[in-house]
Amino acid sequence: MQLDYLINRWWILAIRGAAAVVFGLLAVLTPQLTLGYLVSLFGVFALADGFFSMGAGAALNWLTLFAEGIVGAAIALVVFVMPVTARVLIVEFIVAWALVTGVLELVGVYELRKVVSRAITKGEWLLGAEGLLTIGLGVLAAMMAASEVTMFMRTVGIYAVVSGVLFVALAFNIRTWPHAV
């Protein structure tokens, strides 16, 4: 079954989560240093997340996951093709990415419920929590756009740490889901 693809690749979510935690800790502990690298790091993160999501979405025939990947890859492409524009619009990029990704994650939770014939209660809620957290980041980042840089970076960092922990927890929960559900 297609869900087996996701279960067998739980470690990809764990790596994504661990990378988010590392970035988040850097943003919280060294916000000024991290800001200098934010555009590039966000581009790399969006590209990697985009490719992982597109691959998983294609393998699972899961349109919202694939669309989430396209959004990440498109933003990464803009970051790398137009780096000066990306530096000026990084807050807007983060807001757009967070709002679209969060909504698509919530739609993904709904789609997962349709694919699974019986309830997978162990950790399933984590994807929904991640979607809500991501939308929250988008709203908060939009509200903080004009705020002090250190506070903005620490906010992004806290989001990244919490998001990373949720993805690692989701990965280890997916690992225990039954195959061929």
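The values are calculated or read from the model by the stated rules, or taken from the named source; none is laboratory data. For clarity, every value in this text was computed on a predicted model and none was experimentally measured. Note: ideal-geometry Cβ built from the backbone for every residue, glycine included; neighbour counts use all protein chains shown.
Observations
- Pairs with Cβ under 7 Å, 6+ apart, first in the range 76-100 and without any contact (Cβ under 8 Å) to a residue 40 or more places away in the chain, second of a type in the set (V, I, T) and part of a helix (DSSP H, G or I): V100/V71
- M151 vs. criteria modelled with pLDDT under 90, surrounded by 15 or more Cβ atoms within 10 Å (Cβ to Cβ), farther than 22 Å from L106 by Cα and among the hydrophobic types (A, V, I, L, M, F, W, C): no
- Total residues in the range 35-72 satisfying the condition of being crowded, with 21+ Cβ neighbours inside 10 Å and either in contact with a Gly (Cβ under 6 Å, 6 or more places away or on another chain) or more than 21 Å from G131 (Cα to Cα) (or both): the figure is 8.
- Where L126 falls short, out of the listed (1) of a type in the set (A, V, I, L, M); (2) within 12 Å of the chain's Cα centre (by Cα); (3) crowded, with 17+ Cβ neighbours inside 10 Å: (2)
- Residues in the range 73-86 that are farther than 23 Å from L127 by Cα and surrounded by fewer than 20 Cβ atoms within 10 Å (Cβ to Cβ): L77, V78, F80, V81, M82, P83, V84, T85.
- Selection count, the range 162-181, where residues are assigned to a loop (DSSP other than H, G, I, E, B) and either under 14 Å from W125 (Cβ atoms) or modelled with pLDDT of 85 or more (or both): 1
- L29 fulfils the conditions (1) at pLDDT below 85; (2) surrounded by fewer than 16 Cβ atoms within 10 Å (Cβ to Cβ) except for a single criterion, (1).
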